[in-house]
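The values are calculated or read from the model by the stated rules, or taken from the named source; none is laboratory data. Keep in mind the model is a prediction, meaning the values are calculated, not measured. Note: ideal-geometry Cβ built from the backbone for every residue, glycine included; neighbour counts use all protein chains shown.
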Amino acid sequence: MAQPLREHRRGLKRRSSAGLFPGNRLLAGDAPIDSKVVWNACQEAAQRAGLQKSVHPHTLRRCFATHLLEDGADLRTIQILLAHNDLKETARYLHLSQGHLHAAASPLDSLPLEGRSPQEE
């Protein structure tokens, strides 16, 4: 992930004090891009992809968190990546991941049954 950002920075005509994504058309301004630029890019990408639902930057954030969860990342890692102060904020993504919930083993399944050896179970 860091390599594409390095390449982007090297490709800038002049380095801005505004960070990696300066706001003017030449990508060398002294002010950062505003949130409308990102919002418009999401809208355009969704339209080009033929999506009917509304897509906004926070949609991407939610998808990122849900995919992390479904791929086995723990909530604390997701909390750090999303910069949530409270784990309750991150726990909201649990309801979005049905596969993650169904994959959880029940502690009752590990109890030995009376009359059966552990090998039979």
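Test residue 55 against the criterion of being of a type in the set (Val, Ile, Thr), more than 22 Å from residue 8 (Cβ to Cβ) and either assigned to a loop (DSSP other than H, G, I, E, B) or touching a helix residue (DSSP H, G or I) at 6+ places or on another chain (Cβ under 7 Å) (or both), and give yes or no.
Yes.
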| task | Evaluate region 75-82: report whether one residue or more is out of contact with any strand residue (DSSP E or B) (no Cβ under 6 Å at 6 or more places or on another chain), closer than 22 Å to residue 34 by Cα and outside any helix (DSSP H, G or I). | result | no
| Filter result for residue 104 (of a type in the set (A, V, I, L, M, F, W, C), loosely packed, with under 10 Cβ neighbours inside 10 Å, modelled with pLDDT of 90 or more and at negative phi) | no
| Within region 21-52, how many residues are modelled with pLDDT of 85 or more and part of a loop (DSSP other than H, G, I, E, B)? | 4
| query | In this structure, is residue 61 over 26 Å from residue 9 (Cβ atoms), part of a helix (DSSP H, G or I) and under 19 Å from the mean Cα position of the chain (by Cα)? | reply | no
